[in-house]
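Here is the structure we will look at.
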Amino acid sequence: MTSIVIPAHNEGRVIGRLLDALLTEAPAPGPDIVVVCNGCTDDTAAVAAARGPRVRVVEIPTPSKHQALRVGDEHARGFPRLYVDADVVVGAADVRALTDALATGPGLLAAAPGRDIPLTGCAWPVRAYYRVWQLLPAVREGLFGRGVIAVTEPGHARLAALPPLMADDLAASLAFAPGERRVVEAARVVVLPPRTWGDLIKRRVRAATSSAELERFQAARASGQAAPQPSARTGTGDLRAMLRAQPRLLPGVAVFVVAALAARRGARKAIRSGDFSTWLRDESSRQG
């Protein structure tokens with residue numbers, strides 16, 4: 001049986017659309033869906049429970065995604081297992097496409113869906129940023145930034161060995177070699193982007209902070225090893241290659257660079273102090 005674990009912290013405005021998509025056209029008995037409400041002070045649990053007995057709701061007092069994932073694993077019943085962020089939208093057919101890929105791909109341990117980012121209604125710098133971001137090789141090929149990852153039982157064991165990190169989806173992606181992971185374009189997830197420049201920078205500051213934490217972990221683990229650690233950082237070479245292929249992207253690349261510099265500056269204090277727990281949350285994408 002396929003299990004779906006959804007960690008949710010104050011997602012009452014949006015979790016209903018995800019659950020409705022998962023439950024629509026899902027053949028009986030359907031996937032095992034576990035929603036772990038962690039430290040919620042809103043109606044997330046009530047909204048999830050209202051979807052009926054096919055959704056099991058677990059509540060814990062601590063607002064911690066890592067703990068919510070661990071508790072979700074304790075309640076989940078089967079494999080393949082999907083971890084799904086509460087603020088994305090993925091349907092039952094997309095879940096089947098992911099689990100089918102894992103079942104038929106030799107050596108495949110993890111999969112994620114293709115990513116749709118609806119930019120209508122976003123400020124123009126946000127639209128410009130994401131048009132560039134989506135073209136980056138690491139973004140196209142990695143499992144991160146999608147809000148959905150599906151794993152086999154051996155793949156789950158790989159994830160369970162990771163420490164609690166803010167960049168949990170990036171760490172999960174890098175935990176698998178290219179031949180062990182796949183982006184399944186036949187499956188789709190809708191990832192709602194920030195609508196304002198300020199909310200975009202919040203996301204990018206969080207990404208810069210979490211990437212620094214991940215790199216510290218990698219450096220400690222690789223101490224004394226010669227092999228380079230996998231990375232998803234964007235290099236200037238990626239941007240130059242993009243501009244050579246599509247010169248019209250110059251304004252978007254300029255916006256991307258400004259956002260990256262602003263995020264680096266905004267993350268500096270947290271990185272220096274080792275604060276990898278303060279979560280800057282984008283509320284503009286959580287409008288229901």
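Only residues that are farther than 18 Å from Phe176 by Cβ and either in a loop (DSSP other than H, G, I, E, B) or over 19 Å from the mean Cα position of the chain (by Cα) (or both): list them for the stretch 97-120, please.
Asp100, Ile117, Pro118, Leu119, Thr120, listed by residue number.
Taking the stretch 59-90 as the search range and keeping residues that are of a type in the set (Asp, Glu) and surrounded by 19 or more Cβ atoms within 10 Å (Cβ to Cβ), which one is farthest from Leu165 (Cα to Cα)?
Asp87
Here is a yes/no grid of residues against (1) aromatic (Phe, Trp, Tyr); (2) farther than 27 Å from Val257 by Cα; (3) out of contact with any Lys or Arg (no Cβ under 7 Å at 6 or more places or on another chain):
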| residue | (1), (2), (3) |
| --- | --- |
| Ala68 | no, yes, yes |
| Val88 | no, no, yes |
| Leu98 | no, yes, yes |
| Leu109 | no, yes, no |
| Ala123 | no, no, no |
| Trp133 | yes, no, yes |
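When the stretch 28-50 is examined, which residues are found to be assigned to a loop (DSSP other than H, G, I, E, B) and at pLDDT 95 or above?
Gly39, Cys40, Thr41, Asp42, Asp43, Ala50
What pairs come out if I take residues in the stretch 191-208 that are within 11 Å of Ala259 (Cβ to Cβ) and assigned to a helix (DSSP H, G or I) and pair them with residues that are at pLDDT 95 or above and of a type in the set (Phe, Trp, Tyr) whose C-beta lies under 7 Å away, six or more apart or interchain?
Here the result reads Leu200/Tyr129, each pair linking the stretch 191-208 to a residue that is at pLDDT 95 or above and of a type in the set (Phe, Trp, Tyr).
Looking at Ala21, Ala93, can you tell me which residue is among the hydrophobic types (A, V, I, L, M, F, W, C), in contact (Cβ under 8 Å) with a residue 12 or more places away in the chain and crowded, with 20+ Cβ neighbours inside 10 Å?
Being among the hydrophobic types (A, V, I, L, M, F, W, C), in contact (Cβ under 8 Å) with a residue 12 or more places away in the chain and crowded, with 20+ Cβ neighbours inside 10 Å holds for just one of Ala21, Ala93, which is Ala21.
Is there a residue being crowded, with 16+ Cβ neighbours inside 10 Å, in contact with a Phe, Trp or Tyr (Cβ under 6 Å, 6 or more places away or on another chain) and over 20 Å from Arg203 (Cβ atoms) anywhere in the stretch 124-135?
The answer is no, given that none of the residues of the stretch 124-135 is crowded, with 16+ Cβ neighbours inside 10 Å, in contact with a Phe, Trp or Tyr (Cβ under 6 Å, 6 or more places away or on another chain) and over 20 Å from Arg203 (Cβ atoms).
Limited to the stretch 22-42, what total is found for residues that are under 18 Å from the mean Cα position of the chain (by Cα) and farther than 17 Å from Arg81 by Cα?
Residues in the stretch 22-42 being under 18 Å from the mean Cα position of the chain (by Cα) and farther than 17 Å from Arg81 by Cα: 2 in total.
Just to be sure, is Arg77 assigned to a helix (DSSP H, G or I), more than 26 Å from Pro194 (Cα to Cα) and basic (Lys, Arg)?
Against the criterion (assigned to a helix (DSSP H, G or I), more than 26 Å from Pro194 (Cα to Cα) and basic (Lys, Arg)), Arg77 does not qualify.
Looking at Gly52, Gly107, Gly114, can you tell me which residue is in contact (Cβ under 8 Å) with a residue 40 or more places away in the chain, small (Gly, Ala, Ser), surrounded by fewer than 17 Cβ atoms within 10 Å (Cβ to Cβ) and out of contact with any strand residue (DSSP E or B) (no Cβ under 8 Å at 6 or more places or on another chain)?
Gly107
Of all residues in the stretch 270-288, count the ones that are surrounded by fewer than 11 Cβ atoms within 10 Å (Cβ to Cβ) and outside any loop (DSSP other than H, G, I, E, B).
2
Identify, by number, the condition in (1) modelled with pLDDT of 90 or more; (2) within 21 Å of the chain's Cα centre (by Cα); (3) surrounded by fewer than 19 Cβ atoms within 10 Å (Cβ to Cβ); (4) farther than 30 Å from Ala93 by Cα that Ala186 doesn't meet.
(4)
The values are calculated or read from the model by the stated rules, or taken from the named source; none is laboratory data. The model shown is predicted, which means the values in this text are computed figures rather than measured ones. Quick reminder, even Gly has a Cβ in these numbers, built from the backbone with ideal geometry, and neighbours come from all protein chains shown.
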